[in-house]
């Protein structure tokens, strides 16, 4: 989908500050408050803006133990169904992605303690669909900017860094 420059400006501004007022949004993007409001509503209707949310500091909330898990599963959809339902409902599972390749699922996980992760892994291995898993424990995060590729895509070409 080709976005208008004003829409890119709106999206860029909202990514940087989701609490920005429509008046400030309009001023930054060269339009009226009402114009900014209408463009945001249209971007929502078009499905480009899915939701507005807040980004919390997981560590300060006690979720300081992060891990990633790869799961190789049997091809049977009947067996996978229970596993997927469990993963979708489990509060420690932050993200589930299906993969092509040697593994079928990639999970991003958050826990309060290592023992919670151990219990989670034991639960995963009770599902008949699970053939094998591989777990990676994060000991340090050097960069966590999931919005950065979107910001770069929405930036005018003259503002992008070289290379």
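List of remarks:
- Test: residue in segment 17-31 that is touching a helix residue (DSSP H, G or I) at 6+ places or on another chain (Cβ under 9 Å), under 24 Å from residue 144 (Cβ atoms) and either surrounded by 13 or more Cβ atoms within 10 Å (Cβ to Cβ) or at pLDDT 95 or above (or both): yes
- Any hit, segment 109-124, residues being out of contact with any helix residue (DSSP H, G or I) (no Cβ under 6 Å at 6 or more places or on another chain), modelled with pLDDT of 95 or more, under 30 Å from residue 13 (Cα atoms) and outside any helix (DSSP H, G or I): yes
- Of the residues making up segment 44-89, those that are assigned to a helix (DSSP H, G or I) and under 16 Å from residue 130 (Cβ atoms) are 77, 78, 79, 80, 81, 82, 83, 84, 85, 86, 87, 88.
- The lone exception for residue 102 - which of (1) part of a helix (DSSP H, G or I); (2) surrounded by fewer than 15 Cβ atoms within 10 Å (Cβ to Cβ) it fails: (1)
- Checking segment 31-43 against the condition returns no match, with no residue being outside the structural domain of residue 15 (by TED's automatic domain parsing), part of a loop (DSSP other than H, G, I, E, B) and more than 15 Å from the chain's Cα centre (by Cα).
- Residue selected from segment 20-30 under the condition without any contact (Cβ under 8 Å) to a residue 24 or more places away in the chain and assigned to a loop (DSSP other than H, G, I, E, B), by the criterion farthest from the chain's Cα centre (by Cα): 21
- Residue within segment 146-159 that is out of contact with any helix residue (DSSP H, G or I) (no Cβ under 9 Å at 6 or more places or on another chain), modelled with pLDDT under 95 and not in a helix (DSSP H, G or I) present: yes
The values are calculated or read from the model by the stated rules, or taken from the named source; none is laboratory data. Computed from a prediction, not measured in an experiment: that's the story for all the values here. All Cβ positions, even for glycine, are placed from backbone atoms using ideal geometry, and neighbour counts span all protein chains on display.
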